[in-house]
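**Q** Below are the structure tokens for one structure; questions will follow.
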Amino acid sequence: MYNDKIENYLRRHDYTGIRLRAVLFDMDGVLFDSMPNHARAWHEAMALYGMHLSPEEAYMHEGRTGAATINIVSRRERGTDATPEEIERIYKTKTDLFNALPKAQAMPGAWELIRQLKSEGLAILLVTGSGQASLLDRLNRHFPDTFHQELMVTAYDVSRGKPDPEPYLKALAKGGLHPWEAIVVENAPMGVQAGVAAGILTLAVNTGPLPDSVLLDAGADLLFPSMTALSEQWPVLRESLAGTTL
Ligand code: MG
């Protein structure tokens with residue numbers, strides 16, 4: 001059922017097949033249902049500085065650095081970049097608003113999927129633009145014995161964030177992986193672009209309000225409506241991944 005799309009991917013990269021050893025997970029909007037809080041915090045923070053960024057637009061910018069998002073809105077609304085001081089103030093306001101909101105829960109379906117991957121002996125890596133200090137503790141609470149510091153790429157590891165492929169290329173390096181030995185699970189258009197640009201088969205899960213077309217246009221190889229759907233489809237997809245060769 002997924003063979004056509006996997007074949008397209010293999011052809012595009014001149015790979016002969018996928019030998020799956022690892023799954024590379026984005027965090028916000030994939031492992032945690034945290035995007036509604038981020039979108040709301042962005043919207044409210046920009047409004048405090050007299051600029052308009054709708055919650056839906058915040059989803060489009062997911063994965064960019066805070067500075068890049070602020071400057072895109074600033075140029076549009078005021079015709080000029082924000083000063084470094086403004087960027088620092090606005091981003092701090094956004095972070096404070098985000099931290100004041102109730103903590104996001106684990107994404108439904110995420111643990112069910114991860115349990116299957118673990119039982120198959122696949123390595124699990126985290127690739128996030130987030131730089132929250134308590135990241136690993138929080139991951140361990142929700143996904144016990146799954147994520148390990150040496151197999152995580154965070155904001156501190158990269159100089160160019162998504163949509164640049166650097167975060168996913170770093171993850172491949174950390175895991176000692178070739179692109180055809182991994183898959184990416186992403187929810188955001190720029191995260192999808194980053195996974196695709198790194199040459200890795202990229203699964204989009206549409207856990208937010210954007211139309212599917214945005215994720216497909218970003219280059220997603222496969223699209224699922226939720227993490228629960230991906231978890232339920234995993235045994236079928238796993239067979240297609242193992243069985244499709246050129
Ligand atoms: Mg995300």
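**Q** Based on the Cα atoms of the stretch 35-100, what semi-axes does the equivalent ellipsoid have, where each is the square root of 5 times one gyration tensor eigenvalue, given in whole Å with the largest first?
**A** Ellipsoid semi-axes (Å, largest first): 17, 13, 10.
**Q** Sort all Cα-Cα distances of the stretch 108-149 into consecutive 10 angstrom bins from zero, then give the percent of pairs in each bin up to the one containing the longest distance.
**A** Each 10 Å bin holds this share of Cα pairs: 25, 58, 17, 0.
**Q** Another question about this same structure. I'd like the GluC sites (Glu not before Pro) in the stretch 107-185 restricted to DSSP loop residues with at most 15 other Cβ atoms within 10 Å, sorted by number. Please list the in-between numbers first.
**A** Numbers: sites: GLU112, GLU120, GLU150, GLU181; in loops: GLU120.
Within the stretch 107-185, the qualifying GluC sites (Glu not before Pro) (loop, at most 15 other Cβ atoms within 10 Å) are GLU120.
**Q** Sticking with this one: Under the rule of -39500 (n - 2.57) per DSSP H run of 4 or more residues, summed and divided by the residues of the chain, what mean residue ellipticity at 222 nm is obtained, to the nearest 500 deg cm²/dmol? If you can, show how the numbers build up before the last one.
**A** Numbers: 11 runs with 121 residues, N = 246.
Theoretical 222 nm ellipticity from helices: -15000 deg cm²/dmol.
**Q** Tell me the accessible surface of TRP180 in square angstrom (1.4 angstrom probe, heavy atoms of protein chains only), to the nearest ten.
**A** Approximately 80 Å² of TRP180 is accessible to the 1.4 Å probe.
**Q** On to the next question. Cα axis of helix 84-100 to longest principal axis of the chain: angle in degrees, 0 to 90, nearest 10?
**A** Long axis of 84-100 versus the principal axis of the chain: about 70 degrees.
**Q** Moving to a separate point now. For the chain, the longest stretch holding no trypsin sites (Lys or Arg not before Pro) located in a DSSP loop with at most 14 other Cβ atoms within 10 Å is which?
**A** Details: sites that count: ARG19, LYS103, ARG160.
It works out to 161-246.
**Q** Over the chain, what portion of Cα pair distances is larger than 23 Å, expressed as a whole percent?
**A** Values: 14668 of 30135 pairs.
The calculated P(r) of the chain puts 49 percent of pairs beyond 23 Å.
The values are calculated or read from the model by the stated rules, or taken from the named source; none is laboratory data. These figures come from a predicted structure and were not determined experimentally. Glycine gets a Cβ as well: all are built from the backbone with ideal geometry, and neighbour counts include every protein chain shown. These accessible areas exclude ligands, DNA and RNA; they are computed on the full protein's heavy atoms, side chains included. Shrake-Rupley method; radii C 1.70, N 1.55, O 1.52, S 1.80 Å.
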